[in-house]
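Here, each number is a calculation from the coordinates, and none is a lab measurement. Note that the structure is a prediction, hence the values are computed from the model and not measured. In this analysis, Cβ positions are derived from the backbone assuming ideal geometry, glycine residues included, and neighbour counts consider all displayed protein chains.
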Amino acid sequence: MSASTAIRRHHHLTLCTGTVQEDYDFHTKVLGLKSVKKTALYDGTVPIYHLYYGNDLGEESTILTCFPMRQSGRVGRKGSGQISAISISVPESSLGYWRTRLTEQGIEHHDDERFGEKIIGFQNPGGIDYEMVGIADDDRKPYTGGGVPAEFGIRGTHGITVSVAALETSSEFMDLAWNGKQTAEDGNAVRYEVGEGGTGTIVDFKVDPSLRQGTWTFGEGTVHHCAFQVDSLEVQTDVKAHIEGLGFTDVSDRKDRGYFESVYVRTPGGALFEATVSKPEGFLIDESYENMGKDFQVPPVFADQAAWIKEYLEPLNY
Ligand SMILES: [Fe+2]
């Protein structure tokens, strides 16, 4: 596979959220996702939780990951040059179920429509915009242990919305570096799809020159990045070389994230993207299927500080 076709679909979406408890309860109890891993951010000097949610095995493009930031006191600023909303795929026939469920859980929501798709918009407890999009034929397997019947369950990611001041540099990046194809326009929004296209591959750009620049730090209330699946470390190496060869030099080295290996790129529109290769063991690399996502896993990079990290992090009841 050449670097020009390497980006397959989303791998995971990563958000900076509020308290660890409300983050955990929202994703597992309201949305009915599985906790597939409880660990901490591999970077920095002050421990921050890193919670992963997804389907039963945490397969690619079903994963949302969250850094609950409240304990750190660091708050993000929404704005341009940032992913401003995430969308998740649910069966089209389940939208009525979800309206009722969100109302019962005390989550304000509204109906919307964009690119001809029916949307329920709401916010997570940290104020990040989520959209549920009704999709007729998404064959990704939902998690069924979280109280949401399979016929209604979340299938995985659908798309992201990137807020940009102007479209041109983002179009160049999507066309030349990220094997994206522009597939639609709706008002001030332009849709790109990667790989084979469809749900789980979508990047929408919303153009708004009046917005100030949003934060790039880990800060509560903002989306940090979108990771995209690539098939192998060899392809990932090619992607990095290809992007750098185009002149986009803001590309990281490969980083071992325990469950996958990541190369990050700051896109010219401002959003942070990641090209990600899953490890063959996936989320079973450090715990059994039966225990998956249950107990806190100390990141290997902080193994010598395990006791202190566990003591420092705020308690999480589950
Ligand atoms: Fe990531």
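What percent does the relative contact order of the range 1-159 come to when contacts are Cα pairs within less than 8 Å and at least six residues apart?
Relative contact order for the range 1-159 comes out at 27 percent.
To the nearest 20 debye, what is the magnitude of the charge dipole of the chain about its Cα centre, counting +1 on the Cβ of each Lys and Arg and -1 on the Cβ of each Asp and Glu?
That gives the chain a dipole magnitude of about 540 debye.
Please identify every one of the chymotrypsin sites (Phe, Trp or Tyr not before Pro) in the range 244-300 that sits in a loop by DSSP and has no more than 14 other beta carbons within 10 Å of its own beta carbon.
For chymotrypsin sites (Phe, Trp or Tyr not before Pro) across the range 244-300 that sit outside H, G, I, E and B with at most 14 neighbouring Cβ atoms in 10 Å, the list reads Y289.
Suppose R0 equals 22 Å. What FRET efficiency, 1/(1 + (r/R0)^6) with r the Cβ-Cβ distance, do D253 and F302 give to the nearest 0.05?
Efficiency, rounded to the nearest 0.05: 0.65.
Calculate the FRET efficiency for E108 and E22 from the Cβ-Cβ distance with a Förster distance of 22 Å, rounded to the nearest 0.05.
0.90
Helix-only estimate, please: 222 nm mean residue ellipticity of the chain, summing -39500 (n - 2.57) across DSSP H runs of length 4 or more and dividing by its residues, to the nearest 500.
So the calculated ellipticity at 222 nm is -3500 deg cm²/dmol.
Distance in nm between label sites at T45 and D295, each 7 Å beyond Cα in the beta-carbon direction?
The two pseudo-label positions are separated by 3.1 nm.
Taking the chain as a Gaussian network, where each spring joins two C-alpha atoms under 10 Å apart, which residue of Q105, Q82, Q213 fluctuates the most?
Between Q105, Q82, Q213, it is Q105 that shows the largest mean-square fluctuation.
For the range 1-84, what does the alpha-carbon gyration tensor say about shape, rounded, prolate or oblate, given a ≥ b ≥ c as the root eigenvalues, a/c under 1.5 as rounded, and a/b over b/c as prolate?
oblate
Return the single residue from G245, G153, G219 with maximal mean-square fluctuation; model: Gaussian network over the chain, springs between Cα atoms under 10 Å.
G245
Highest GNM mean-square fluctuation, the chain, Cα pairs closer than 10 Å: which of G116, G147, G81?
Taking springs between Cα atoms under 10 Å, the residue moving most is G116.
Considering only DSSP states other than H, G, I, E and B, which GluC sites (Glu not before Pro) in the range 243-318 qualify as loop sites with at most 13 other Cβ atoms within 10 Å?
Hits after loop and neighbour filter: E281, E290.
How high is the relative contact order of the chain, in percent, counting Cα pairs under 8 Å that sit 6 or more residues apart?
Once normalised by length, the contact order is 26 percent.
Among rounded, prolate and oblate, which fits the range 232-318 when a ≥ b ≥ c are the square roots of the eigenvalues of its C-alpha gyration tensor, a/c under 1.5 means rounded, and a/b larger than b/c means prolate?
Numbers: a/c = 2.75, a/b = 1.92, b/c = 1.44.
Because a/c hits 1.5 or more and a/b exceeds b/c, the range 232-318 counts as prolate.
Can you put D304, D175 in order, fewest other beta carbons within 10 Å first?
Listing D304, D175 from fewest to most nearby Cβ atoms yields D304, D175.
Taking square-rooted eigenvalues a ≥ b ≥ c of the alpha carbon gyration tensor, is the chain rounded, prolate or oblate, where a/c under 1.5 means rounded and, failing that, a/b exceeding b/c means prolate?
Since a/c stays below 1.5, the shape of the chain is classed as rounded.
Projecting each Cα onto the charge dipole of the chain (Lys/Arg +1, Asp/Glu -1 at the beta carbon, about the Cα centre), which of H225, V148, G195 comes out farthest on the positive side?
Positive-end residue among those listed: H225.
Give the relative contact order (percent, whole number) for the range 163-209; include only Cα pairs under 8 Å separated by 6+ residues.
The normalised contact order for the range 163-209 reaches 42 percent.
To the nearest 20 debye, what is the magnitude of the charge dipole of the range 71-126 about its Cα centre, counting +1 on the Cβ of each Lys and Arg and -1 on the Cβ of each Asp and Glu?
With Lys and Arg at +1 and Asp and Glu at -1, about 360 debye.
Could you give the size of the charge dipole of the range 96-246 about its Cα centre, using +1 on the Cβ of each K and R and -1 on the Cβ of each D and E, expressed in debye and rounded to the nearest 20?
340 debye
Would you please state which residues of the range 9-43 a label at D139 would reach in this model, taking the label point 7 Å out along Cα→Cβ and a backbone N cut-off of under 18 Å?
9-10
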